[in-house]
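K.L.:
Have a look at this one before I ask anything.
The values are calculated or read from the model by the stated rules, or taken from the named source; none is laboratory data. Since the model is a prediction, treat every value here as computed from it, not as a measurement. Backbone-built Cβ (ideal geometry, glycine too); neighbour counts: all protein chains shown. The accessibility values were calculated without ligands, DNA or RNA, using every heavy atom of the protein model including side chains. Shrake-Rupley method; radii C 1.70, N 1.55, O 1.52, S 1.80 Å.
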Amino acid sequence: MIEEQLLATGPADLPVPAQRPGLLRRALRQTRGRIGLGVLLAVVALSVAGPWIAPHSPYDFVAMPFQPPDAVTWLGADNMGRDVLSRILNGGWILMTMALSATALAMLAGTVLGLVAGYAGGRTDAVIMRLLDVVLAVPERVLVLMFVSVIGANQVILTLATGLVFIPSIARTARAATMDIVRNEYVEYAEAIGMSRWQLLRDEILPNVTTPLMVEAGFRLTWSIGLITGISFIGFGTQPPTPEWGLMINESRDGLLFQPWAVVAPILCIAAFVIGVNLLADAIARAAGRTE
Amino acid sequence: MGSGPAIATPSRLQPVRRAAGWLIRRVAGSLLALAAVTIMVFLAFKAMPEDPAQIILGEMARPEAIADLREKLGLDRPLVTQYLEWVGGMLRGDLGRSWAGAALPVGELVGPALVNSLVLVALGSLFAIPLAVLLGVLTALWRNSLFDHLADYTLLGMSSIPEFAKGIFLVLLLSIGLFNLLPAAAMIPPGELPLWYPAQIALPVLVLVLSALPYLTRLVRSSMIDALNSEYVQMARLKGVSEARILFRHALPNTAAPVIQGAALSTALMLGGSVVIENLFRYPGVGALMTDAMTSRDLPLVQAVIVSFAACYMVINLIADVLILYANPQYRSAR
């Protein structure tokens with residue numbers, strides 16, 4: 001009998017479920033993982049150091065509107081004559097903070113909801129998942145725009161709304177992983193020796209759902225950057241004169257023909273940021289064995 | 001394979017009946033979710049700090065005029081009454097009147113815009129799905145070849161550039177920068193079907209296709225690899241069936257269910273993506289309508305657009321479920 005074996009050998013000899021430590025290390029063993037981390041670190045370094053190394057203030061008018069690149073403005077000027085390079089260097093951390101906060105918020109709420117739903121089952125599970133289905137019934141961007149139109153267009157609302165629309169998919173991932181683990185015998189054992197539910201969730205189940213959640217976090221971070229810059233681009237996120245990359249693209253759009261750098265440079269920065277996160281997320285997913 | 005009938009089948013009609021029952025439950029569930037969306041939208045806009053009457057009349061309005069309008073709009077009645085009137089109106093096809101400009105009926109604004117957006121999304125899927133199947137099958141067949149790796153990195157890069165940025169690059173490449181082939185803004189006369197203006201919609205459709213391609217291609221590739229590694233394909237090989245026949249008769253049909261599901265998801269994502277893309281190309285669809293309505297604080301219009309987005313989502317997913325059911329009888333009881 002399983003119970004007898006468990007009691008005889010004690011918890012120390014229990015078969016340890018695949019904890020998969022070193023997930024990140026295995027991801028970084030792949031070329032794409034290393035490239036991703038390298039690109040990501042470069043963008044982060046540039047964004048963090050940016051405000052100090054920028055040649056001009058991001059708000060000062062230093063040239064003619066849509067001035068092409070010259071010795072003073074290396075990437076030219078934007079629609080109002082502000083230095084494009086300085087605005088890019090000052091704007092990176094804004095986008096990064098927004099994307100990271102939105103993802104972290106969604107991961108926190110989604111994981112808790114998913115763990116509780118998957119572990120409790122029954123009516124609790126049904127209520128939580130049906131409520132989250134309502135969020136999934138509307139396109140993400142449309143839902144974000146709804147919050148913006150009710151509360152107002154600013155970067156805090158955009159960050160919170162982005163986090164909110166990501167909760168259902170994370171909760172689903174956490175729930176599915178939890179349900180797999182709850183059926184395992186070591187959970188039955190822990191219940192049998194009288195561990196409290198909260199302890200069980202925190203000490204036994206959470207460590208075992210981190211792999212799928214890490215994979216999910218990578219993809220959500222990728223998505224959040226596209227979502228945030230897209231909403232800012234159509235004017236309902238960060239507001240002028242903030243040098244946020246998505247908004248900068250929108251502001252200088254009319255000068256695309258004479259001063260393409262004011263548009264192309266922020267696009268390339270967003271792309272580098274996403275490519276870094278995307279490659280790393282892909283490597284993590286492969287290390288976790290999600291794709292072949 | 002090897003999943004014979006678990007229980008004896010007493011009647012030949014049973015699978016059909018089960019499928020019908022499943023479909024009815026599925027439709028009922030979707031309608032409930034849609035009803036929940038209307039409640040969420042209604043409550044969200046009720047929680048708004050501003051007074052709708054104030055928005056319509058502007059900052060300078062006299063208090064009596066505002067009180068008058070509040071009564072006319074029914075804002076002083078209980079919430080439940082207001083909600084039921086709004087939903088009842090929608091069910092009768094009356095979406096209320098716009099708050100902006102000539103106070104047109106909302107339905108007259110949303111209807112044509114919705115048709116335009118659906119044309120855009122349908123064209124996007126029409127091109128993206130066959131292309132993804134072709135690319136996915138080829139990369140699965142030539143796994144780990146140079147072509148496979150090249151496609152993998154290209155698609156990864158493509159999925160890394162946000163939709164609006166892809167759109168701007170295409171504008172720079174095809175309409176104003178290098179070439180002068182396509183218009184940068186979609187000028188479609190109001191009341192006309194965009195289908196008859198291929199040059200105007202080429203760029204928005206292209207952006208949608210390029211955005212859906214990475215996800216769909218990877219999906220087709222991995223389901224194809226699963227199918228090619230399966231026992232029934234190995235069995236067919238052992239029997240000496242030709243590779244072409246294995247591909248078209250055995251492997252490809254078995255990728256249908258996941259691919260249909262993925263295609264539905266990507267079509268739904270395109271619908272969401274149209275919000276940004278329509279703004280970029282000034283395309284007269286619901287996404288552009290929604291942001292215009294947000295700018296002019298035209299809330300009945302915003303609400304109607306959100307609900308119609310949810311309704312389209314529901315229909316797309318239902319169609320996908322029915323197609324999956326049709327493609328694979330095993331799915332009848334799988335859900």
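K.L.:
Got a number for residues in segment A:242-274 being touching a residue at least 60 places away in the same chain (Cβ under 8 Å) and more than 9 Å from every other protein chain (Cβ to nearest Cβ)?
P.N.:
15
K.L.:
Separate question: Pick from B:Leu269, B:Leu289: which is within 12 Å of chain A (Cβ to nearest Cβ) and at pLDDT below 90?
P.N.:
Residue meeting the stated conditions: B:Leu269.
K.L.:
Could you count how many residues in segment B:53-68 are more than 37 Å from the chain's Cα centre (by Cα) and surrounded by 10 or more Cβ atoms within 10 Å (Cβ to Cβ)?
P.N.:
Within segment B:53-68, the subset more than 37 Å from the chain's Cα centre (by Cα) is B:59-68.
After this cut, where a residue has to be surrounded by 10 or more Cβ atoms within 10 Å (Cβ to Cβ) as well, the list is B:61, B:65-68.
Qualifying residue count, segment B:53-68: 5.
K.L.:
Give the residues of segment B:252-311 that are farther than 21 Å from B:Ser211 by Cβ, charged (D, E, K, R) and open to solvent by 10 Å² or more (accessible area, probe 1.4 Å), sorted by residue number.
P.N.:
B:Asp292, B:Arg297
K.L.:
Can I ask one more? What are the residue pairs meeting all of these: first residue in segment A:50-68, first residue farther than 15 Å from A:Glu244 by Cα, second residue acidic (Asp, Glu), Cβ atoms under 6 Å, and 6 or more apart or on different chains?
P.N.:
Once the first residue is farther than 15 Å from A:Glu244 by Cα and sits in segment A:50-68, its partners that are acidic (Asp, Glu) give A:His56/A:Asp83; A:Val62/A:Asp83.
K.L.:
Within segment A:211-231, can one find any residue that is open to solvent by less than 30 Å² (accessible area, probe 1.4 Å) and more than 20 Å from the chain's Cα centre (by Cα)?
P.N.:
no
K.L.:
Moving on to the next point. Among A:Pro58, A:Pro69, A:Pro65, which is the only one that is in contact with a Pro (Cβ under 6 Å, 6 or more places away or on another chain), modelled with pLDDT under 90, more than 23 Å from A:Glu216 (Cα to Cα) and not polar (S, T, N, Q)? Reasoning before the result, please.
P.N.:
Numbers: A:Pro69 fails: in contact with a Pro (Cβ under 6 Å, 6 or more places away or on another chain); A:Pro65 fails: in contact with a Pro (Cβ under 6 Å, 6 or more places away or on another chain).
Among A:Pro58, A:Pro69, A:Pro65, only A:Pro58 is in contact with a Pro (Cβ under 6 Å, 6 or more places away or on another chain), modelled with pLDDT under 90, more than 23 Å from A:Glu216 (Cα to Cα) and not polar (S, T, N, Q).
K.L.:
Just one of the numbered conditions (1) surrounded by fewer than 22 Cβ atoms within 10 Å (Cβ to Cβ); (2) more than 11 Å from chain A (Cβ to nearest Cβ) is not true of B:Val205; which one?
P.N.:
Looking at each condition in turn, B:Val205 falls short on (1).
K.L.:
How many residues are under 19 Å from B:Ala186 (Cα atoms) and of a type in the set (D, E, K, R) if we restrict to segment B:272-312?
P.N.:
3
K.L.:
Keeping to segment B:6-47, report how many residues are modelled with pLDDT of 80 or more, open to solvent by less than 40 Å² (accessible area, probe 1.4 Å) and more than 18 Å from A:Asp133 (Cα to Cα).
P.N.:
Total meeting the criteria: 3.
K.L.:
Which numbered condition in (1) surrounded by 20 or more Cβ atoms within 10 Å (Cβ to Cβ); (2) within 30 Å of A:Asn278 (Cα to Cα) is the only one that B:Tyr215 fails?
P.N.:
For B:Tyr215, the exception is condition (1).
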